[in-house]
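Colleague: Below you will find the structure I want to go over with you.
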Amino acid sequence: MQFKSILFLNIILTLIINAEHLSAQDFQGKAYYFSKSKMNLGRWGARMSEAQKKQVKNRLKNRLEKTYILDFNSTESIFVEEEKVDAISGATDSWGSNFSRGKQYKNILENKLVQAQEFYGKRFLVVDKLQTIKWEMGKEVKQIGDYTCFKATAIVPEKELSWYNFSWSQLRSNTPNNKEPNIKLTQIEAWYTLQIPVRNGPAEFWGLPGLILEVSMEDTTILCSQIIMNPNDRSKIKAPDKGELINKSDYRATIIEKMSEMRNSYGRRSRG
């Protein structure tokens, strides 16, 4: 037991020394992430055969499996999804792109989020504060590639992690006769490394003493597959600057309003 404690302390000391050395440098990194989500068909799934479920899963593969690149330095980052072509139709997912995460800029020093979103041909520039995450540090340690990682957990309101997304249930919860819905909370599990001492990570996640290499939440896991430190082809880390200025809350309200109009318009045509 004493040997394990000494070994653990040696690991911590080594990582701190590496972190101090790295933080003293003017560095930039590029991290590649793979995101995978489980398919949730809800009540419709009970009516489907296994063959039908497989067909739907193949059709939704581009939405369930995504790849991202995070370009980062000591205080800033750009997180962008790599666009894929549908293996069946040979086209990009135009419907899904309306509700996917756009190019995302985070500035840890200024507590600033800038995210480019496009909704049915209209460009928006969402500017807001970074999502507040109260991390609880754990003692668990595991290896991800060449990096020793430590565990942290947090609980965040679900809508704060998917403010750019949409589901038809949001229309039901925003009807005048509906009472204020309960706030759905999401349990987050993250793994970070002190070997790269930046308080950044993929998507909305940040605020730990090292780069976040893995995040799990509900049915989705985001895992870092490769890191390149000080790449030869350094990308310029710059916030997006095109689109109508709006904050997260107003952007979410805009989506719900427009989708409600579309539903009502479709309903009138169907009755006509």
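The values are calculated or read from the model by the stated rules, or taken from the named source; none is laboratory data. Only a predicted model underlies this, so the values are computations on that prediction, with no experimental measurement involved. Note that each Cβ is placed from the backbone with ideal geometry, even for glycine, and that neighbours are counted across all protein chains shown.
Colleague: Has region 205-219 got any residue that is at pLDDT below 95 and not in a strand (DSSP E or B)?
Modeller: yes
Colleague: Looking at region 197-221, I want the residues that are touching a residue at least 40 places away in the same chain (Cβ under 8 Å) and have a partner that is part of a loop (DSSP other than H, G, I, E, B) and aliphatic (A, V, I, L, M) with Cβ atoms under 6 Å, at least 6 apart or on another chain. Which pairs are those?
Modeller: Arg199/Ile108; Gly207/Ile133; Gly210/Leu194; Gly210/Ile196; Leu211/Ile196; Leu211/Val198
Colleague: Mind listing just one residue for me: the one in region 229-259 that is of a type outside the set (Lys, Arg) and over 18 Å from Phe124 (Cβ atoms) and, of those, surrounded by the most Cβ atoms within 10 Å (Cβ to Cβ)?
Modeller: Ile237
Colleague: Same structure again: Tell me, which residue of region 96-116 that is under 24 Å from Glu218 (Cα atoms) and not small (Gly, Ala, Ser) is surrounded by the most Cβ atoms within 10 Å (Cβ to Cβ)?
Modeller: Lys106
Colleague: Considering only region 84-160, give the strands (runs of 3 or more DSSP E) lying wholly within it that have at least 2 residues that are modelled with pLDDT of 95 or more and over 19 Å from the mean Cα position of the chain (by Cα).
Modeller: Of the strands (runs of 3 or more DSSP E) lying wholly inside region 84-160, those with at least 2 residues that are modelled with pLDDT of 95 or more and over 19 Å from the mean Cα position of the chain (by Cα) span 136-144, 147-157.
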